[in-house]
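Trainee: The structure under discussion is supplied below as structure tokens; questions concerning it will follow.
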Amino acid sequence: MSETDTKSASRVDKDDSGADETRYVDPSVNKVPNYEISEKAFILTQPNSPNNNVELRDSVLNIIKEEEMAPYYKYLCEQYLPRGTLDFDANLYKELLQKNELRIQELQKKLAKVEENDEGELEQAQCWINLGEYYAQIGDRENAQKTLEKAMSRAISTGAKIDIMLTITRLGFFFNDQSYVKEKLEQINVMIEKGGDWERRNRFKTYKGVHCLAVRNFKEAAKLLVDSLATFTSIELTSYESIATYASVAGLFTFERTELKSKIIDSPELLSLLTTTSALQSISSLTISLYTSDYSSFFPYLLESYDNVLLPCKYLNEHSDYFVRGMRRKVYAQLLDSYKTLSLRSMAGAFGVSVEFLDNDLCKFIPNKQLNCVIDRVNGIVETNRPDNKNAQYHLLVKQGDGLLTKIQKYGAAVRLTGSDRLA
């Protein structure tokens with residue numbers, strides 16, 4: 001926070017009763033909207049989820065009541081959830097709506113008083129932020145965005161503008177609108193380059209990492225999320241346990257063995273959460289089975305991760321089949337890399353599956369060169385045909401050498417031309 005912001009943050013305006021009415025604070029980590037209800041509501045959309053029960057619905061309703069989320073309650077019942085999942089209670093909606101109206105009128109009254117007294121741009125910005133965050137809290141996306149954008153126009157420091165934009169971006173995460181999130185993150189990135197401090201850069205890294213995960217850019221997500229583990233402060237976006245799980249999923253999918261060992265398996269941050277986070281336990285078991293070549297347990301842990309980690313996650317659910325397919329290809333390639341030929345029966349036995357299943361599954365990867373092997377069904381073996389690395393290196397050397405000779409010839413011609421000009 002700048003010196004000007006710090007001084008303004010300590011300024012307090014009081015109403016007639018003497019109570020604190022308007023205080024400018026750095027708008028950094030207010031947990032709005034509440035990501036927990038968004039994640040729980042997503043689970044309710046999954047009919048086969050074991051967590052789809054009365055307890056989960058009651059938890060969603062309790063948060064709606066605590067946060068006074070009339071607009072979001074109506075959205076869930078009428079648009080988002082499958083019919084019959086959450087019964088619409090007109091009396092509850094009316095009660096919440098009345099609370100919303102009273103609170104909005106109160107915040108608007110404070111805003112009007114600050115603007116009428118011309119108490120400064122910082123104080124006005126804080127009033128707009130308070131109103132915008134309340135709209136975000138109750139799930140009124142349209143009014144939240146409009147109000148927070150007005151707050152941005154009154155904010156002075158770049159840091160304050162970044163914080164407001166991060167709140168606007170969380171609306172996109174809350175409703176899982178990744179196109180919207182991408183647009184806002186691009187705007188934040190421009191601001192970060194102009195004057196973002198260390199903490200805001202770290203928060204931006206976490207936001208971008210979760211977005212990359214949600215749009216299936218696992219490679220970039222792994223890099224960002226693993227880096228975020230040691231500096232995580234974005235508790236307004238998601239929990240630390242979730243970030244650890246996301247980092248493990250993305251890292252398992254993209255890292256090679258050396259990085260997988262150092263950044264995931266031996267990560268002190270991940271190890272510290274292992275005994276308390278069930279989702280992390282599932283993905284960690286899958287990771288270790290791959291790294292230690294414990295192929296007999298790989299498919300059971302892959303299925304466990306599919307059910308416990310991928311399907312219940314609103315960011316990973318639509319990529320769950322893609323992840324499972326990619327992990328099957330990865331483990332097949334790892335096993336085949338150790339052999340020139342391997343019998344189908346032996347390979348199937350290692351994974352604990354039937355020969356027919358393995359045959360069919362391998363055929364999904366071989367035609368498009370995702371696995372460098374062929375199946376000899378007559379003899380019942382898999383023959384690997386790895387690329388000839390030495391031959392490829394030779395051709396690359398010849399190609400680069402030709403390019404270098406061409407540049408030297410052009411340079412020589414230019415030098416001779418320059419010498420002729422001087423003689424003339």
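Trainee: Could you please give the count of residues in the stretch 277-296 that are open to solvent by 20 Å² or more (accessible area, probe 1.4 Å) and either polar (S, T, N, Q) or part of a loop (DSSP other than H, G, I, E, B) (or both)?
Mentor: Qualifying residue count for the region: 8.
Trainee: Tell me whether the stretch 320-333 contains one or more residues that are in a helix (DSSP H, G or I), without any contact (Cβ under 8 Å) to a residue 12 or more places away in the chain and either surrounded by 18 or more Cβ atoms within 10 Å (Cβ to Cβ) or touching a helix residue (DSSP H, G or I) at 6+ places or on another chain (Cβ under 7 Å) (or both).
Mentor: no
Trainee: In this structure, is Ile156 more than 19 Å from Arg203 (Cβ to Cβ), aliphatic (A, V, I, L, M) and crowded, with 24+ Cβ neighbours inside 10 Å?
Mentor: no
A quick yes/no check of all residues on (1) in contact (Cβ under 8 Å) with a residue 40 or more places away in the chain; (2) out of contact with any helix residue (DSSP H, G or I) (no Cβ under 8 Å at 6 or more places or on another chain); (3) among the small types (Gly, Ala, Ser):
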site	(1), (2), (3)
Val215	no, no, no
Ala221	no, no, yes
Ala230	no, no, yes
Ile243	no, no, no
Tyr246	yes, no, no
Leu252	yes, no, no
Ile265	no, no, no
Ser272	no, yes, yes
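Trainee: When both residues are 6+ apart or on different chains and their Cβ atoms are under 6 Å apart, which pairs have a first residue that lies in the stretch 174-194 and is under 26 Å from Glu318 (Cα atoms), and a second that is open to solvent by less than 80 Å² (accessible area, probe 1.4 Å) and part of a loop (DSSP other than H, G, I, E, B)?
Mentor: Once the first residue is under 26 Å from Glu318 (Cα atoms) and sits in the stretch 174-194, its partners that are open to solvent by less than 80 Å² (accessible area, probe 1.4 Å) and part of a loop (DSSP other than H, G, I, E, B) give Phe174/Pro33; Asn176/Lys314; Gln178/Val215.
Trainee: Out of Glu116, Glu101, Glu68, Glu123, I need the residue that is more than 25 Å from Ile235 (Cα to Cα) and buried (at least 16 other Cβ atoms within 10 Å of the Cβ). Which one?
Mentor: Answer to the selection: Glu123.
Trainee: Could you tell me which of the residues Leu344, Leu358, Leu316 is within 13 Å of Phe253 (Cα to Cα) and open to solvent by less than 40 Å² (accessible area, probe 1.4 Å)?
Mentor: None of the others qualify; the one that does is Leu316.
Trainee: Would you confirm whether or not the stretch 201-222 contains a residue that is over 13 Å from the mean Cα position of the chain (by Cα), over 21 Å from Asp177 (Cα atoms) and open to solvent by less than 40 Å² (accessible area, probe 1.4 Å)?
Mentor: yes
Trainee: I need the full set of residues from the stretch 78-96 which are open to solvent by 60 Å² or more (accessible area, probe 1.4 Å), within 18 Å of Glu66 (Cβ to Cβ) and of a type outside the set (D, E, K, R), in order please.
Mentor: Hit for the stretch 78-96 is Asn91, nothing else.
Trainee: Out of the residues in the stretch 172-184 meeting the condition of being out of contact with any Gly (no Cβ under 9 Å at 6 or more places or on another chain) and crowded, with 18+ Cβ neighbours inside 10 Å, tell me which one is nearest to Gly209 (Cα to Cα).
Mentor: Among those that are out of contact with any Gly (no Cβ under 9 Å at 6 or more places or on another chain) and crowded, with 18+ Cβ neighbours inside 10 Å, it is Phe173.
Trainee: While we're here: Which ranges mark the helices (runs of 4 or more DSSP H) fully within the stretch 98-198 that have 2 or more residues being over 28 Å from Ile64 (Cα atoms) and at pLDDT 95 or above?
Mentor: 178-195
The values are calculated or read from the model by the stated rules, or taken from the named source; none is laboratory data. Worth saying up front: this structure is predicted, and the values here are computed from it rather than measured. Counting neighbours? That spans all protein chains shown, and the Cβs are built from the backbone with ideal geometry, glycine included. When the accessible area is computed, the model is the full protein with side chains, heavy atoms only, and any ligands, DNA or RNA have been set aside. Shrake-Rupley method; radii C 1.70, N 1.55, O 1.52, S 1.80 Å.
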